[in-house]
Each structure stands twice: as C-alpha cells, then as structure tokens.
Amino acid sequence: MRSSNPVFSRRGFGRDNGYAGFNTAPQAGGPAVATQANPYAQPTGNPYAQNPYAQQQQYGAPPQAPAAAGRMTIDDVVMRTGTTLGVLVVTAALAWALLPVDDANISRSYGIGIGAALIAMVLGFVQAFKRKASPALILTYAAFEGVFLGVISSVVDNRIADGAAMQAVLGTMAVFAGVLVAYKAGWIRVNRRFYGFVMAAALGFILLMAVNLLFAVIGGGDGLGFRSGALGILFGVIGIILGACFLALDFKQVEDGIAYGAPREEAWLAAFGLTLTLVWIYLEFLRLISILNSD
C-alpha cells in the first residue's frame, strides 16, 4: 500500500524496491496477468509489485512472510520510532527551557523556532526524496522539529492557554491509541476506497490552508478565517481527523512491510513517517486549543 506520507510513498515500501521475492514470475495457481476486465491483477501476489489493493480483494489478509535475517520487525519499528520521538521530545524540552517567550525575548525565541521549522521542513523533503533511509538525517530532522515545537508550545502555553501543551500531548496520545486499537480490531478497513478518500480530503484541506495563508499575507489578519472562530474550530477538528486517517494508512504500510519482508533499514522510514503524522496531529490539537482559549 502507498501511504499518505511522502516518506513511505517515495522509497520505503514502493513498487520497485527489489526486496527478496518481489517481481518474481507467477507460480502455479497464482493470480492471472492483468486483463482489461481486471487491470490490477499482476503476475505475483506480492503487494509491493502490484496494485496494493488487488491482492486484498482476491485473497483477504496478506500472508505472513517467514522470519528472515535482516528483515524489518515490529520491534525495529517501535525502537526507531521511540528513538526519533525521543530526540524530538528532548530538543523540545531544551527549547522550552532555554528560549524564553517573555516580552523581552519572544521575538528572538520565535525567530529561532521559525528558523528551526524551515530547516526541519527542508530536511524532511530531502529524506522524502532519498532512495534510502538516512538515520542521521531523520534524527537531525527530529532535533530541529523539536526546537520548533518547544518554542511554539511555550508561546501557546504561556501566552494563550495555560496547560495547552500537555493537553495537546494527551490528545495526540489518545488519537494514536484509539486509531491503533480500532485498526487492530478491524473497525478501520484500510482499502483502496479509504486511501482515495483520505488523499482527496487531505489535498483539499492543504489547498484551503494555503489559500487562507495567501490571503492572510496579502490582506493581513487571518485571511479567509479558516483558522479562527467557528470555522477555525471546524477545520481544527477536520485536521485531527485527517491525522487519525494518516495513522491508519501508516499502520497498514508498516504491517505490509513486515508481512512481505521489507529490509530492516526501512524501519527508519516507518519511524520518520509516523513522526510526521504525530507532529501533524499535535499541531492541530495545539491550534484548536489556542482558538478555544482565544479572546
């Protein structure tokens, strides 16, 4: 399956990764070659070498690949995700403590935070378009992203809504746990229709936010009002729901990678993608809390 995250879509679990058993010749009794009636059927049952949903339609749940040395496991994903998030949390805490947001220092601290956000964005794009995971690049991204989150969280917590950062953290953890339980219980079915709906909704959401930002830059204020008042609350909730949908897509991506023997180093891409999604959800919670507490 191709995930919502550009990280997963680019290299980690794409069509032509060259993993063991990928793009092999058809076996006896295997699925037929693509026809006009079924354009998604391919000569192999491996979802990384075919349409990601065709195999699900024919056979149901993917079979588990036999254990092999050097293949990604759930422990690899958990460990690397924990490491990436750990770096992010540590740098966020340091930024909170060392970059005060009082009247005398807020301009300097906010400037550093915005600069860190821009650097993190560039590093994120570089990793997204690399053909292989770079742990150093991913951890550096997490460090700069943490600086930005530490500053912006401190600004909201100290100047807009006391306790907002902790509320946003708890909200993010609740969404993560809820989506994980719902996914494992089968309440969320990540299929072709789900993927198409989420990607269309995400594209529309991002375009609206871009237009709102453009109007804000040109005309001042909050642009079209998508980030304040009742509309801001509505779009904040939509952003959190989209983040939850991204998590479901990411869980499916990781599950398929493990089931079909993705190399162990791809666990770093899984960690990077999950971190991106969690940062999205946290920022949407923080923004929503700010709107609810603003005068």
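Only one of (1) open to solvent by 30 Å² or more (accessible area, probe 1.4 Å); (2) over 26 Å from Ala120 (Cα atoms); (3) within 21 Å of the chain's Cα centre (by Cα) fails for Asp162. Which number is that?
(3)
Filter segment 224-243 down to residues that are open to solvent by 30 Å² or more (accessible area, probe 1.4 Å) and in a helix (DSSP H, G or I) and give me whichever is nearest to Val179 (Cα to Cα).
Filtering segment 224-243 for residues that are open to solvent by 30 Å² or more (accessible area, probe 1.4 Å) and in a helix (DSSP H, G or I), the one nearest to Val179 (Cα to Cα) comes out as Ile241.
Give me the pairs: first residue in segment 86-106 and touching a residue at least 12 places away in the same chain (Cβ under 8 Å), second residue open to solvent by 90 Å² or more (accessible area, probe 1.4 Å) and of a type outside the set (Val, Ile, Thr), beta-carbon distance under 6 Å, and six or more apart or on different chains, which are they?
Val101/Asn158
Residues to consider are Asp256, Asp250; find the one that is open to solvent by less than 20 Å² (accessible area, probe 1.4 Å) and within 9 Å of the chain's Cα centre (by Cα).
Asp250
Which numbered condition in (1) of a type outside the set (Phe, Trp, Tyr); (2) at pLDDT below 95; (3) assigned to a helix (DSSP H, G or I); (4) under 25 Å from Ser294 (Cβ atoms) is the only one that Asp102 fails?
(3)
Between a first residue in segment 181-195 that is under 13 Å from Leu249 (Cβ atoms) and a second residue that is part of a helix (DSSP H, G or I) and open to solvent by 40 Å² or more (accessible area, probe 1.4 Å), which pairs have beta carbons less than 7 Å apart while being 6 or more apart in sequence or on different chains?
As it stands, the answer is Asn191/Gln56, since those pairs meet every condition given.
For the structure I just gave you, tell me whether Ala174 is of a type in the set (A, V, I, L, M, F, W, C), over 17 Å from Trp96 (Cβ atoms) and loosely packed, with under 15 Cβ neighbours inside 10 Å. Steps first, please.
Numbers: of a type in the set (A, V, I, L, M, F, W, C): yes; over 17 Å from Trp96 (Cβ atoms): yes; loosely packed, with under 15 Cβ neighbours inside 10 Å: yes.
Spelling it out, Ala174 is indeed of a type in the set (A, V, I, L, M, F, W, C), over 17 Å from Trp96 (Cβ atoms) and loosely packed, with under 15 Cβ neighbours inside 10 Å.
Filter segment 177-202 down to residues that are among the aliphatic types (A, V, I, L, M) and either modelled with pLDDT under 90 or open to solvent by less than 60 Å² (accessible area, probe 1.4 Å) (or both), then give me how many there are.
Count: 9.
Please list, ordered by first then second residue, the pairs with beta carbon atoms under 7 Å, 6 or more apart or interchain, first in segment 122-145 and touching a residue at least 60 places away in the same chain (Cβ under 8 Å) and in a helix (DSSP H, G or I), second open to solvent by less than 70 Å² (accessible area, probe 1.4 Å) and hydroxyl-bearing (Ser, Thr, Tyr).
Within 7 Å, the pairs are Gly124/Tyr141; Gln127/Ser134; Gln127/Tyr141; Ile138/Thr84; Ala142/Thr84; Ala142/Thr275.
Does Gly111 satisfy the criteria of being part of a helix (DSSP H, G or I) and surrounded by fewer than 16 Cβ atoms within 10 Å (Cβ to Cβ)?
When the stated conditions are applied, Gly111 passes them.
Among what's in segment 259-295 and is surrounded by fewer than 23 Cβ atoms within 10 Å (Cβ to Cβ) and of a type in the set (Asp, Glu), pick the residue that is nearest to Lys184 (Cα to Cα).
For segment 259-295, the residue satisfying everything is Glu265.
Would you be able to tell me the number of residues in segment 203-223 that are open to solvent by 50 Å² or more (accessible area, probe 1.4 Å), farther than 20 Å from Ile240 by Cβ and assigned to a helix (DSSP H, G or I)?
Of the residues in segment 203-223, 6 are open to solvent by 50 Å² or more (accessible area, probe 1.4 Å), farther than 20 Å from Ile240 by Cβ and assigned to a helix (DSSP H, G or I).
The values are calculated or read from the model by the stated rules, or taken from the named source; none is laboratory data. As the structure is a computational prediction, the values presented were derived from the model and not from experiment. Note that we place each Cβ from the backbone using ideal geometry, even for glycine, and neighbour counts take in every protein chain shown. Note: areas computed on protein heavy atoms with side chains; ligands, DNA, RNA excluded. Shrake-Rupley method; radii C 1.70, N 1.55, O 1.52, S 1.80 Å.
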